[in-house]
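> This is the structure, below, for whatever I ask next.
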Amino acid sequence: REKAAAAKRKAPPPGAVARADLSAVEKLARTAGADPDAFLAGLATTEVLGRLASPLSPAAAAAVRKALAGKAELPPEGDGAAAVAAALVHTHLRRGELPARLWPKRDADEAEAAVEAVAEAAVKLTRHGFEAACKGGSPEAARCLLQLLACLRLQRPAWDHEPSRRASEEALADAGLPLPRLAASASAASWMGGAGGAVSAGSVAMLKVRLSRAHAKEAAAAAKRGATSFAGKWSTANGRAPVRVCESYTCLVSRRGGPAGGAEAMVGFLEADVLDPAAPTAEAELKIVAPLEAGEYELRVQALSLAVLGVEASASASLVVTPAPIDDADDLDDY
């Protein structure tokens with residue numbers, strides 16, 4: 001009993017994510033980030049999801065696999081914990097399509113707890129995969145993982161699933177909020193300012209993104225009726241007391257062009273938050289390091305909502321990079 005107690009004390013908390021799982025998800029983001037089905041299948045093989053799915057009884061696992069037949073691609077039952085974890089993730093995503101009484105009665109409470117725990121861990125891991133994809137990965141992978149993150153949070157099967165989009169719009173209408181209508185613009189210049197907006201190779205540039213809100217008046221009217229937010233987050237910008245965010249948009253930033261051309265690659269991402277429902281615009285900035293090669297580059301911005309499926313806007317900005325100045329200190333070597 002002492003050994004069992006000691007092992008229990010050493011065991012990680014149920015939802016704890018091991019470094020090995022995080023590393024596996026980072027690799028998965030690079031290799032399968034642009035394919036949501038492949039990414040979810042890989043996610044199900046992580047140790048934490050397998051551990052959280054393990055309490056599910058064989059009867060409950062069989063019931064959910066039967067309900068998901070023809071709706072989702074699941075690993076074979078022989079895959080053990082990974083097959084169960086995948087089934088629970090898809091149960092979370094497709095809850096609106098499944099029977100209300102899904103589980104055997106004796107397993108219902110335990111099964112619901114397992115779905116909730118697996119979904120929470122899947123959100124954390126997908127967010128980690130998204131952030132990994134934003135560090136020089138492909139824009140397709142970053143966009144796909146951001147869309148998948150929205151689907152996991154909202155319990156919707158797919159970003160481009162028309163019934164899911166309608167459900168998002170209906171949820172806004174039920175809350176008395178307008179559907180966001182966005183237009184995006186962007187500009188880039190040296191962080192230090194200066195004429196012409198050009199930046200030196202390897203120096204810091206500033207990307208400014210502006211989102212125009214065509215629905216601002218409707219949002220302000222809704223706020224007067226007591227409907228103020230769908231973002232579900234708070235802001236402590238500028239060190240002030242927490243303020244409820246009315247709307248929030250994640251902006252993906254990628255770069256292409258330059259003298260050598262090459263594939264488009266992610267630069268990073270930023271969050272544009274709306275604190276005042278009547279504000280006509282939302283603005284955000286991102287510091288980036290200019291490429292080491294001089295030339296003209298294009299920065300592409302894609303803004304997406306994690307709270308309303310299908311709401312997005314895009315823009316681009318030119319980044320002119322000039323050769324880095326020669327360090328005067330190097331000239332001392334000539335004397």
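The values are calculated or read from the model by the stated rules, or taken from the named source; none is laboratory data. All values derive from a computational prediction rather than experimental measurement. Positions of Cβ are generated from backbone atoms using ideal geometry, with glycine treated the same way; all protein chains shown enter the neighbour counts. Please note that ligands, DNA and RNA were not included when accessible areas were found on the heavy atoms of the full protein model with its side chains. Shrake-Rupley method; radii C 1.70, N 1.55, O 1.52, S 1.80 Å.
> Among all residue pairs at least 6 apart or on different chains, which show Cβ distances below 6 Å where the first residue, located in region 91-118, is over 16 Å from PRO58 (Cβ atoms) and the second is outside any helix (DSSP H, G or I) and open to solvent by less than 70 Å² (accessible area, probe 1.4 Å)?
LEU93/PRO157; ARG94/PRO157
> Residues in region 31-63 that are in a helix (DSSP H, G or I) and over 27 Å from the mean Cα position of the chain (by Cα): how many? Walk me through how you get there before you give the answer.
Step one: of region 31-63, the residues in a helix (DSSP H, G or I) are 31-32, 36-43, 47-53, 58-63.
Among the residues that remain, those that are also over 27 Å from the mean Cα position of the chain (by Cα) are: 58-63.
Qualifying residue count, region 31-63: 6.
> Scan region 299-316 residue by residue and report those that are at pLDDT 95 or above and open to solvent by less than 60 Å² (accessible area, probe 1.4 Å).
Across region 299-316, the qualifying residues are LEU299, VAL301, GLN302, ALA303, LEU304, ALA313, ALA315.
> Report those helices (runs of 4 or more DSSP H) wholly inside region 119-233 carrying at least 1 residues which are over 30 Å from ALA38 (Cβ atoms) and at pLDDT below 95.
Working: elements: 139-154, 162-174, 216-224.
Counting at least 1 such residues, we get 162-174, 216-224.
> Filter region 159-190 for residues that are over 26 Å from PRO277 (Cα atoms) and open to solvent by less than 30 Å² (accessible area, probe 1.4 Å); which is farthest from the chain's Cα centre (by Cα)? Please lay out each step first, then the result.
Kept after step one, since they are over 26 Å from PRO277 (Cα atoms), are these residues of region 159-190: 160-163, 188-190.
This time we only want the ones that are open to solvent by less than 30 Å² (accessible area, probe 1.4 Å), so: 188, 190.
Details: ALA188: 24, SER190: 28 Å.
Among them, the one singled out is SER190.
> Would you tally the residues in region 241-258 being part of a loop (DSSP other than H, G, I, E, B) and either at positive phi or among the hydrophobic types (A, V, I, L, M, F, W, C) (or both)?
The total comes to 4.
> Which of the residues spanning region 46-65 are touching a helix residue (DSSP H, G or I) at 6+ places or on another chain (Cβ under 7 Å) and either of a type in the set (Ser, Thr, Tyr) or open to solvent by less than 30 Å² (accessible area, probe 1.4 Å) (or both)?
THR46, VAL48, LEU49, GLY50, LEU52, ALA53, SER54, LEU56, SER57, ALA60, ALA61, VAL64
> Does THR281 satisfy being open to solvent by 20 Å² or more (accessible area, probe 1.4 Å) and touching a residue at least 24 places away in the same chain (Cβ under 8 Å)? Spell out how you get there, then give the answer.
Numbers: open to solvent by 20 Å² or more (accessible area, probe 1.4 Å): yes; touching a residue at least 24 places away in the same chain (Cβ under 8 Å): yes.
Here the answer is yes, as THR281 does meet what is asked.
> Here's something else I'd like to know. With respect to PRO104, is the statement that it is open to solvent by less than 50 Å² (accessible area, probe 1.4 Å) and farther than 19 Å from LEU149 by Cα true?
Working: open to solvent by less than 50 Å² (accessible area, probe 1.4 Å): yes; farther than 19 Å from LEU149 by Cα: yes.
Judged against the criteria, PRO104 is a match.
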